Amino acid sequence: MLTNKRILLIIGGGIAAFKALDLIRRLRERGAHVRCVLTPAATHFVTPLSVAALSGDKVYQDLFSLTDEAEMGHIELSRDADLLAIVPATADLLAKLATGQANDLASTLLLATDKKVVAAPAMNLRMWLHPATKRNVAQLREDGVMFVGPVDGSMACGEYGPGRMSEPLEIVAAITEALKSDTSIPLPANVGQFAQSLRGKRVVVTSGPTHEPIDPVRYIANRSSGRQGHAIALAAANAGAEVTLVSGPVTIDDPAGVHTVHIETAQEMLHAVEAALPADIFIAAAAVADWHAATQNANKMKKGETAPVLQLAENPDILATVAGLATDRPALVIGFAAETQSVIENAQKKLAKKKCDVIIANDVGAGTDVMGGLENTVHIVTKAGVETWPKMEKSAVASRLIGLLGDMLERRS
């Protein structure tokens, strides 16, 4: 049940925080991905270095860290997980969550998440039995928070009674049980209709580079990170669509809620796209290599007195192939134009040549840092004209693009 599940672990500031280290190890043993958030108080009991070493991921601490916000905003961080766990759940954290406070990273994530929460309380027995804590726990149970423990036992303060945190394996069992059912928390009726603009629609997205083998160790590729394509796939899934992402080799995680097909070459990408059709929208965000080696060497090519001559052959044009389908052509076919000069003019030519509906053009020239970067400046090119968007994070570009495509699809229906 935990294989490839994403757990966002919030570690509170209590003596039981040391058990969170063992919990991370137990979860990862079972195939889960664990991303951790430390409250300021938690750093007095466990170090960010030890947590990072055990989780194999970055540790998040500061709500207002500009670096963190550039890499992953707190909204995205709270929603990328399949489940949130508070271990230990201190009286302070429970009070914040019960009253809707958001004055640090942990409490903000708990308020902003669209996933269920498992809490493992740990505190002195009088704190646990205090009427305020009892009210908070009752409210959180009503709100849907799932609890594991606390149990009776000896405490660091020398007292004995309820308030001792459950053991890591008990928490693992509670997390596993919670993940047996859907952990998403839907919005109330008639709220967030924009976010569900693609409900019931099928979307196919390509992302990342392709690797075209020259010999067993070398290949032709480009610098695409896949960040923009993956962000688009996630935004489409968040808009209610059934999404298939066909991804070339990238180092980023598969987006949650998306069916991802991994490929290496342009030919494999074409086959995967064809297998994923029919669809309502096709978005060709991948940076597909234009050529492949006409002859692939079975063995590693060795250095010689003269450099070998590499004969190239054209790869299939996936965008033009899908746009030109006589049957099962998606209602909207969107391509990307990564240019280094005459960006809009070249995008307009590509729009006409490929017979697609929209071209998303961007400048990837030296100094732009678009390829592999976190931000993008795009131009939306259609037959009706050109709309230039301001520079923004790729996740923001993705959300705005999906909103635009939802409107376009509705107008055509």
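Just one of the listed residues (Pro255, Pro249) is in contact with a helix residue (DSSP H, G or I) (Cβ under 7 Å, 6 or more places away or on another chain), part of a loop (DSSP other than H, G, I, E, B), surrounded by 14 or more Cβ atoms within 10 Å (Cβ to Cβ) and in the same structural domain as Ser399 (by TED's automatic domain parsing), and it is Pro255.
In segment 216-235, how many residues are of a type in the set (Val, Ile, Thr), under 29 Å from Glu76 (Cα atoms) and part of a loop (DSSP other than H, G, I, E, B)? Spell out the reasoning first.
Within segment 216-235, the first condition is being of a type in the set (Val, Ile, Thr), and the residues that meet it are 217, 220, 232.
Remaining after also requiring under 29 Å from Glu76 (Cα atoms): 232.
From what is left, the residues that are part of a loop (DSSP other than H, G, I, E, B) are none.
Going through segment 216-235 one residue at a time, the tally reaches 0.
When the residues of segment 77-86 are filtered to those that are touching a Ser or Thr at 6+ places or on another chain (Cβ under 9 Å) and part of a strand (DSSP E or B), the one that is nearest to Asp152 (Cα to Cα) is Leu84. Considering only segment 32-45, state which residues are surrounded by fewer than 21 Cβ atoms within 10 Å (Cβ to Cβ) and either over 30 Å from Ile232 (Cβ atoms) or at pLDDT below 90 (or both). Correct list: Pro40, Ala41, Thr43, His44, Phe45. Across segment 286-319, the qualifying residues are those that are part of a loop (DSSP other than H, G, I, E, B), hydrophobic (A, V, I, L, M, F, W, C) and farther than 16 Å from Ala221 by Cβ, and the one among them that is modelled with the lowest pLDDT is Ala307.
I'd like to know if segment 379-396 contains one or more residues that are out of contact with any Leu (no Cβ under 8 Å at 6 or more places or on another chain), at pLDDT 75 or above, among the small types (Gly, Ala, Ser) and assigned to a strand (DSSP E or B). Within segment 379-396 (the criterion being out of contact with any Leu (no Cβ under 8 Å at 6 or more places or on another chain), at pLDDT 75 or above, among the small types (Gly, Ala, Ser) and assigned to a strand (DSSP E or B)), the answer is yes, since at least one residue qualifies.
Residues in segment 296-341 that are surrounded by fewer than 11 Cβ atoms within 10 Å (Cβ to Cβ) and either in contact (Cβ under 8 Å) with a residue 60 or more places away in the chain or small (Gly, Ala, Ser) (or both): Ala298, Asn299, Lys300, Gly304, Ala307, Ala313, Ala326. For Ser166, state whether it is crowded, with 18+ Cβ neighbours inside 10 Å, assigned by TED's automatic domain parsing to the domain that holds Glu314, modelled with pLDDT of 90 or more and among the hydroxyl-bearing types (Ser, Thr, Tyr). The answer is no for Ser166. The residue that is modelled with the highest pLDDT, counting only those in segment 320-360 that are in contact with a strand residue (DSSP E or B) (Cβ under 8 Å, 6 or more places away or on another chain) and polar (S, T, N, Q), is Gln348.
Does segment 278-295 contain at least one residue that is among the polar types (S, T, N, Q), surrounded by fewer than 19 Cβ atoms within 10 Å (Cβ to Cβ), within 28 Å of Ala233 (Cα to Cα) and without any contact (Cβ under 8 Å) to a residue 24 or more places away in the chain? Spell out how you get there, then give the answer.
Step one: of segment 278-295, the residues among the polar types (S, T, N, Q) are 295.
Still in the list and also surrounded by fewer than 19 Cβ atoms within 10 Å (Cβ to Cβ): 295.
The next check asks that each one be within 28 Å of Ala233 (Cα to Cα); those that pass are none.
Scanning segment 278-295 turns up no residue that is among the polar types (S, T, N, Q), surrounded by fewer than 19 Cβ atoms within 10 Å (Cβ to Cβ), within 28 Å of Ala233 (Cα to Cα) and without any contact (Cβ under 8 Å) to a residue 24 or more places away in the chain.
The values are calculated or read from the model by the stated rules, or taken from the named source; none is laboratory data. None of the values given here were measured: they were computed from a predicted structure. Ideal geometry is used to build each Cβ from the backbone, glycine not excepted, and the neighbour counts take in all protein chains shown.
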